[in-house]
Every structure is written in structure tokens, then in C-alpha cells.
Amino acid sequence: MAQRVASYAQGLRGHGVSRGDRLALRLRDSGDLASTLLAIMAIGAVAVLLSAHDALQTDTILLSEARALVCEDPTTFSACQAELGGLPIQLLSRRDLAVWRKSPATLRFEDLATETPAFWIMTSGATGHPKAVVHGNGNAAACTAYLADVLGVVRS
């Protein structure tokens, strides 16, 4: 997992993604989703999590000002290009992830404060328009501590 995260982080950097950039992430639950999310966090970028089961959510992509969409479905790429054609957005696919996975890399984490944004989860918009719930790097650390200290999850 660490090697995959390192390779994905290197691939993202190679595409010009840097600290503070937002990337829309539309992948099904998989190792690629976990690795890409961790790689985005490792380089100090911000993941905007989209549902892989719903419509494209171009409104969320626009709201987030994402500079890239990471997605595994070619049909979604076509729809994204049609709807967001004039925007400076990169489309990264499962093919990109497969290429990156083969590249050896060393994992380098950005030095980030706990309040630095790590990922966004969008609300449903039940009380109006959808809004971003911004989670900082400290949230991820708290989840890790909860798994270890409260639930007793250990590394095998």
C-alpha cells in the first residue's frame, strides 16, 4: 500500500498537482480509491470526494474549483468534457493509475498542520445547495488513533 501511495503521489506531482490543489475523486470503493486519497493527502492537495454511483456531479466539481478529476469510467470522461469543456481541468483515469503503479517511488509527505484541509465531503443539499464539509489532516489522524486506541486495530 505504501508503495502504491508513493507511486500515485509521484504521478500526481508529475501532472503538476501541488499543495492546496483540489482534485475531484470519483472511484468505486477499491484499493485505488484508498491509495489515491492517501496520495492526494500526502502531497498536501485536497480530495473532493464524489459518489461513483450517482450522476457526474458537475456542480460539485465547479463549486470545488477542482483542477483535475480522477475517474475510472470512460463515459464519465466524455460527459465531463462536454459539460466542463472550457475549464482548465485534467482528466486522470484508471489507465493513469495503472501506469503510476508500475513506477518505483519513495513516499514523501508534505509537512502539514492538523487544520490544513485534506478532503471535502459534500452535503446532500437538503437545506438548500450542497456545501463542502472540509476535513483537516487532524481528522485523519484522529480516525487512526480511534482505530488503534479504541477499537484495538493493530498492524499485522
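The values are calculated or read from the model by the stated rules, or taken from the named source; none is laboratory data. What you see is a predicted model; the values in this text were computed from it and never measured. Positions of Cβ are generated from backbone atoms using ideal geometry, with glycine treated the same way; all protein chains shown enter the neighbour counts. What goes into the accessible areas is simple: the full protein's heavy atoms, side chains included, and nothing from ligands, DNA or RNA. Shrake-Rupley method; radii C 1.70, N 1.55, O 1.52, S 1.80 Å.
Summary table below
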{"read-out": "Percent antiparallel among DSSP beta bridges (both partners in the chain, rounded to 5)", "value": "25 percent"}
{"read-out": "Fraction of accessible area attributable to carbon and sulfur, the stretch 1-89 (%, probe 1.4 Å)", "value": "52 percent"}
{"read-out": "Computed over the stretch 7-87: relative contact order in percent, which uses C-alpha pairs under 8 Å that are six or more apart", "value": "36 percent"}
{"read-out": "The stretch 47-156: relative contact order as a whole-number percent, Cα under 8 Å and 6+ apart", "value": "24 percent"}
{"read-out": "Contour minus Cα-Cα distance for SER30 and ALA55 (0.36 nm per residue)", "value": "7.1 nm"}
{"read-out": "Alpha-carbon centroids, the stretch 1-70 and the stretch 126-140: separation in whole Å", "value": "16 Å"}
{"read-out": "Equivalent ellipsoid semi-axes, the chain, via Cα gyration tensor eigenvalues times 5, rooted, Å", "value": "25, 20, 15"}
{"read-out": "Protection proxy ranking, peptides 52-64, 35-47, 95-107, average beta carbon neighbours within 10 Å, highest first", "value": "35-47, 52-64, 95-107"}
